[in-house]
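Inspection log for the structure reproduced underneath, given as C-alpha cells.
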Amino acid sequence: MSGGVDSAVAAARAVEAGHEVVGVHLALSRGAGGGPPTARARGCCTVEDAHDARRAADALGIPFYVWDFSEQFAADVVDDFVASYAAGRTPNPCVRCNERIKFTALLDRALALGFDAVATGHWARLEPGAEGSGPVLRRAADRAKDQSYVLASVAPARLRHVLLPVGDTTDKAALREEATARGLAVAAKPDSHDICFVPDGDTAGWLSRRLGDAPGDVVDTAGEVVGAHTGTHRFTLGQRRGLDLRRPAADGRPRYVLSIEPATRTVTVGPAEDMLVATLTATGPVWHGAPPARGRAVSVQVRAHGAPVAATCEAADDDLVVLRPDAPVPAVAPGQLVVAYDGDRVLGAARAA
C-alpha cells in the first residue's frame, strides 16, 4: 500500500473478494542520519504516504505494517541508477524497483511468512496461462493508465504469486469514485510521477552531487566542438533541451544528443534524422512464453508512456532480441526497456543495448 488511491482500492477489492488481507507499506528511503523514512522524498515512500496507507488500512479494517527495504532499495535501485548514468545508460528506476524490490524482496518475504500472493495497484491484467506456464500479462483495460510496460521484465514464475485487482477498471475517474464510495480518504490524492529518491526533482543536479563534475566537449557529427558540459551523466540519448551549445546549427535546425561516451567525456549532437534507426536491439530478455519466431509481427513500446509501433521480429532467443519497426524510429537510449506485445498481450521485455 503506497499511500495512493490505486493500492487502497486494490486492497479493498482483495478484502471484498474474500481474501485475508494484510496491508504493507514499503519504507524505501532514510533520512541523512539513518533514521526513519524521510518526508523529503517524493513519489510513493514519504512519511505522509505511510500515514495515508495506514488510514486506508484502518478504513478497511485490515492489519497494517511498514516493512523497511531502504538498504536493499539503495543498493539495487539507487546505486544502479547512479552507475547506469555514469556508464552512459539511461535506467528506469521504477522498472528496477518492480524487479528487485516489489516482486523479489517483498514477494519473497511474503511467501516466507506464509502469504499466497502480493496484490498491488498496478494498472495491468493477469490471466491464467496454459497448464504449466505462467500467467498471461496484458495491458490494463484503461490504455491511458496501462503499466504493463513496467511489469514486463518481472519473470512469469513470480507473476504466479501476484494479484492486480485494478487492472480491469475502465478509467481513473471510476476508480476515484469507487474510493470515495468506500470512504477512503485518498480518493482525490494526486498521482505520483517523480523519481521518489530525487527530493527536488532535479535529476541532473542530484547525479552531479554524487558523481561530481567531469567536464568534456559537445561535438557535432563532423567532430567539431560546438559546446561544453560538466558531466555526461547530464545527458540522455535524444535529449534536446539543456544542451547549452555555443552557436546554433548552420541550417537553423534543432540538435539532439546522438551518442554519449563517458570514457572520453564526449557528447555528440546532430539533427533529428540522425537519431533514426532501422532496427532495435536489446539484451537479457524476459519472455512471457516462447520467444516470437523470426518474421512474426509484433508491436513494440520503448517508453513507459510511449505509443507502441508496429515491428517485425528479426531474432529472439534467451540472450538477444532484434526488432525491425515498419518505419525507422528514434534510437532507444541504452538501458531503457524494450517491450514486445501481441495486441494487448506482453510477449517479452529486454534492455536496449
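The values are calculated or read from the model by the stated rules, or taken from the named source; none is laboratory data. Everything numeric in this text was worked out from a predicted model, so none of it was measured. Counting neighbours? That spans all protein chains shown, and the Cβs are built from the backbone with ideal geometry, glycine included.
Brief remarks follow.
- Here residue 154 meets the list (1) in contact (Cβ under 8 Å) with a residue 60 or more places away in the chain; (2) assigned by TED's automatic domain parsing to the domain that holds residue 97 almost entirely, failing just condition (2).
- Residue list for segment 53-69, restricted to those being in contact (Cβ under 8 Å) with a residue 60 or more places away in the chain and touching a strand residue (DSSP E or B) at 6+ places or on another chain (Cβ under 6 Å): 64
- Selection within segment 160-174 - surrounded by 16 or more Cβ atoms within 10 Å (Cβ to Cβ) and in contact with a helix residue (DSSP H, G or I) (Cβ under 8 Å, 6 or more places away or on another chain): 161, 162, 163, 164, 165, 166, 169, 172
- Close pairs (7 angstrom Cβ cut-off, 6 or more residues apart or separate chains): closer than 18 Å to residue 68 by Cα in segment 85-108, among the basic types (Lys, Arg) anywhere: 103/158; 107/158
- Set 103, 64, 115: member being of a type in the set (Phe, Trp, Tyr), surrounded by fewer than 20 Cβ atoms within 10 Å (Cβ to Cβ) and within 18 Å of residue 157 (Cα to Cα): 115
- Listed conditions (1) surrounded by 13 or more Cβ atoms within 10 Å (Cβ to Cβ); (2) touching a strand residue (DSSP E or B) at 6+ places or on another chain (Cβ under 8 Å) are all met by residue 244, apart from (1).
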